[in-house]
Amino acid sequence: MRFARSGGRRLRAAMVVVVVLAVGIPAAAGAQSRSSSEIERDLREAEDEASRAEGDLGQIQARIDAAEVELAELGVRLEEARGQLNAAEGQVALAEAALGDAQEQAELARDEHERAVKALDQAEALLHAEEAKLSTHLVESFKHGTAGAAEGAMMLEILRRAQDPNEFAVGMKQLRTVMDVQDATVKRVFELRDDQTELADDAARARGRATQAAADAEQTLRVLDELREQAATLAAQVEDDEQRQREVLASLEQTEEETAAFLRRVSSREDTLRVQLRDARAEEAAAAAAKAAAEAAAAAAANTGGSGTPGAAGGPPLNGILCPVVGVVAGRDFQNDWGFPRSGGRYHQGNDIFASRGTPVVAVGDGEVVRWNPPSRPTALGGVTLTYRTADGSEWYNAHLATIAEGLSVGSTVTRGQVIGTVGNTGNARTTPPHLHLGRRYAGSWVNPWQTVAPACG
């Protein structure tokens, strides 16, 4: 630290003065053997040394003042780093939720692909069985000629073997049943071939979905690793700043204690010299009076004294807007997280502004409420939400609210700075730290609100 080095040198120089004063001035016990002039000389020297020491103390105090300013600035930086760490940890929580969803979707897609492959295998087995049966029928037909010829030959054989008309009728019925089964087998083969084609397509589509889900999970994991690294870096920064703050405080406390002790020693030595000077002058005055009585013509000696002097790409700009969450700072409590991955393969279309639960959320400008979802009927995604439209046509979507201000509903007007709700974590943010999801919709499309609101949240 700058203060600890330079201030320490000044402090050591001042301590030398104390040593000089303590060693160079005789104790009060031997004062009666010294004249007032000698003591006055010593006192003037002591006062000169004290004056120089006061100058050194002034410089030390200036160093202390500078260290206190640095400490105040360090406190601001520390608070900012803690806010950034809180926001980064919030982003990590959101990314972890997105990763869990992506991994779940990948697992479901893999299961779907396995079921499709299993169904395809079963269909192919049935197809092979029916094709084998059909091959047998075709072989029989080949032995007897065409199917019609085979049927005629079999009819003659039935007629030849029948003992009576009734037995012939029964044989003909059995022949018809056999022919019907053969026709059904052919039809079943074609149906199974169609099923095989459809199931193969299903398996290919399921494999594609599984591949895409795995890619989404991998991308989300990469972003999560980056956010974790960012959070770790911020945590290290906070730890370094806290250690530096402790060192500055310890240095200030030590300097104040040593400075106070130094001043006490200087004051005590000056008091001792003044007492010695007073006693010496009293003794000299008594001696002079006695000498005047004895020698009437002698002149009284005059004594003199001395003294020392202390000497810092969204939609069109919107002028005059307010920060949507009371007390937050851009870059500390939220960042430009537009486009960050979210659950279900989505990408973030807004800014997540982290703050304590219940922190007031205000309207960025005058507008009219166009949509809302109060606590009695929240949505699965945004939870408790409120959307208002400002004069430029922008629709400002406020999601994950804990509450909505009383009296607001569709058609209500809001004014710039009016409290419209409080920060929460409703909807799909229930497992994340409390925050406001702020979205801006302009000309029918979502646009990044960062460029507009960040300057207002300084």
Inset, instruction - Answer with one residue from Ala81, Gln103, Ala62: the one whose Cα lies farthest towards the positive end of the charge dipole of region 55-124, charges on Cβ with Lys, Arg +1 and Asp, Glu -1. - result: Ala62
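Among Val92, Val223, which comes first, then next, by fewest other beta-carbon atoms within 10 Å?
Val223, Val92
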Inset, instruction - Can you tell me what the convex hull of the Cα atoms of region 401-450 projects to on average, as an area in nm²? - result: 4.8 nm²
Legend entry - Listed peptides 358-364, 428-434 by packing density, highest first (mean Cβ within 10 Å): 358-364, 428-434
Legend entry - Span from the region 63-93 Cα centroid across to the region 233-289 one, whole angstrom: 32 Å
Inset, instruction - Would you mind ranking Arg371, Arg269, Arg63, Arg207 by Cβ crowding within 10 Å, fewest neighbours first? - result: Arg371, Arg207, Arg269, Arg63
Legend entry - Cα shape, region 340-458, gyration tensor, a/c 1.5 rule: rounded
Legend entry - Spin-label proximity, Arg377 to region 410-432 - amide N less than 11 Å from point 7 Å beyond Cα toward beta carbon: none
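Bear in mind that the values in this text are calculations on the coordinates, not laboratory data. Every value quoted in this text rests on a predicted model; they were computed, and no experiment measured them. Counting neighbours? That spans all protein chains shown, and the Cβs are built from the backbone with ideal geometry, glycine included.
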